[in-house]
Amino acid sequence: MTVYFGENLKKLRKEKRLTQEALAEFLGMSFQSVSKWERGETYPDISMLPVIASFFGVTVDSLLGSDLIAKEEKMKNYSDRYSRLWNEGKIAQARDMLKDAIVEFPGNYDLLVKYFNAVIHAREDAAYRISVRTEVNRVYDMIQNYCTIDSIRIWSKKLMCRYLRDLSLTEGSGVDISEAEKILSEMPIMQNTRDYEAMYMYPHDDEKRAAACAEGTVEMLRLFGEIINRRYKSFLDADEQIAAAYINLAEKIMPDGDYGKCWYLVVIHSQRIGVKMYLQGDEKTALAYFEKAVRLAKQYDELPEVSVHTSKAVAGVVFNKTKAYRFWEGSFLAEVKNGLVARTELSQEFKNSKEFQRILAIE
């Protein structure tokens, strides 16, 4: 028996403008029985289900909510497939799959915003970016005009900002960065976010407050790493001391090496420091940071899809790798190795060295 029965019975009864007493009389049951059914305290005998369904002119499956459960399961499957395809870097496939999903479930804004995300990121070339503008505008307007879920509305604003930013850098798009800035001005500042506010919600509940602070710590550390990462246009512009300070902070907060959402940032900043050390003539330190980046990438690939932080400051926070941000396709280890080989700042002689090749051989 499903919990939807009571809710559905109450809804059907009210649609027929019947009191519980009137329905009980029609069914030959007591008023108390109907009342308990609707509250979910008890359920009718299985032989009564066809009678009740027939009375309301619905199927037994509909009465029990089985059709709703099937729909929810199918929507969840779409969402799970999106996460897996995104994690595998198959964004165009995710877009095409979600296009079917939003036709089947047009009122599901969670699927719609994920489709929006996939449309924007399916390809990076200028021609594609310009070609999807009508679809991007259509979906964005649907979310902003009809969706009442703030988190989805804000996510779509963030995506639209990124899209318009890219268009402003695309020749012939006719888009100025001011269009993105207008949407940006409508978004909440950091201290008005869920993760920040949650830390203030439970002054008398130590367990919930600690959990909220742990979640907030993970998110704030990730954002700090992104701020450092976005500040510089290239590795050559980067300040290795700031990057080292971030890595040190991550290691202090997460001494167990359970970096979660911050994992890729620790790897990026390790590579950044390595390049700067090499350019300063300190090849030994450069190699140490390159090896750190490669080993961390290997560990990331070996993580299960879902893991739990164990470091004291963030203990209990769940990290879902399939839903985490990623800029690479396939193996993170391969991405990092290929990136090191492609770095033009490193001489071919250095790349051919025994120590550098040893790092590339890590599997």
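Values in this text are rule-based calculations from the coordinates and carry no lab data. For clarity, every value in this text was computed on a predicted model and none was experimentally measured. We place every Cβ from the backbone using ideal geometry, glycine too, and count neighbours over all the protein chains shown.
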Inset, instruction - Using only alpha carbon positions, build the gyration tensor of the range 18-98, then give the equivalent ellipsoid semi-axes as the square roots of 5 times its eigenvalues, largest first, whole angstrom. - result: 43, 12, 9
Inset, instruction - Just add up the charged neighbours of Ile183: K/R +1, D/E -1, any other residue whose Cβ is under 9 Å from the Cβ of Ile183. - result: 0
Inset, instruction - Give me the angle, in degrees from 0 to 90, between the Cα long axis of helix 206-231 and the longest principal axis of the Cα atoms of the chain, rounded to the nearest 10. - result: 40
Legend entry - nm² value of the averaged projected area, convex hull over the Cα atoms of the chain: 24.4
Legend entry - Alpha carbon centroid spacing (whole Å) that separates the range 236-256 from the range 36-61: 61
Inset, instruction - Could you work out how far helix 283-302 tilts from the main Cα principal axis of the chain, as a 0 to 90 degree angle to the nearest 10? - result: 20
Inset, instruction - Go ahead and estimate [θ] at 222 nm for the chain from helices alone: -39,500 (n - 2.57) per DSSP H run with n ≥ 4, summed, over the residue count, rounded to 500. - result: -21000 deg cm²/dmol
Legend entry - Separation of the Lys158 and Glu251 label points, Cα + 7 Å toward Cβ, nm: 2.9
Legend entry - Pairs of Lys in the range 62-158 closer than 14 Å at Cα, counting only those 8 or more apart or on different chains: 5
Inset, instruction - Any chance you could give the angle, 0 to 90 degrees and rounded to 10, that helix 66-87 forms with the longest Cα principal axis of the chain? - result: 0
Legend entry - Proportion of all alpha-carbon pairs of the range 195-360 beyond 24 Å (%): 39
Inset, instruction - Find the percent of Cα-Cα distances in the range 1-141 that exceed 25 Å, and round it to a whole number. - result: 48
Legend entry - Highest average packing first - 122-134, 267-279, Cβ atoms within 10 Å: 267-279, 122-134
Legend entry - Whether the range 65-150 is rounded, prolate or oblate, judged on the alpha carbon gyration tensor where a/c under 1.5 counts as rounded: oblate
Legend entry - Ratio of the Cα radius of gyration of the range 140-290 to 2.2 N^0.38 Å, where N counts its residues: 1.31
Inset, instruction - Calculate, in nm to one decimal, what Leu360 and Met187 gain on full extension: separation in residues at 0.36 nm each, minus their alpha carbon distance. - result: 58.0 nm
Legend entry - Ranked packing of 319-331, 86-98, most packed first, by mean Cβ within 10 Å: 86-98, 319-331
Inset, instruction - Can you figure out the FRET efficiency of Lys71 with Ile149, using R₀ = 25 Å and their beta-carbon distance, to the nearest 0.05? - result: 0.85
Inset, instruction - Rounded to the nearest Å, what's the spacing between the alpha carbon centres of the range 97-171 and the range 288-363? Just the number, please. - result: 30
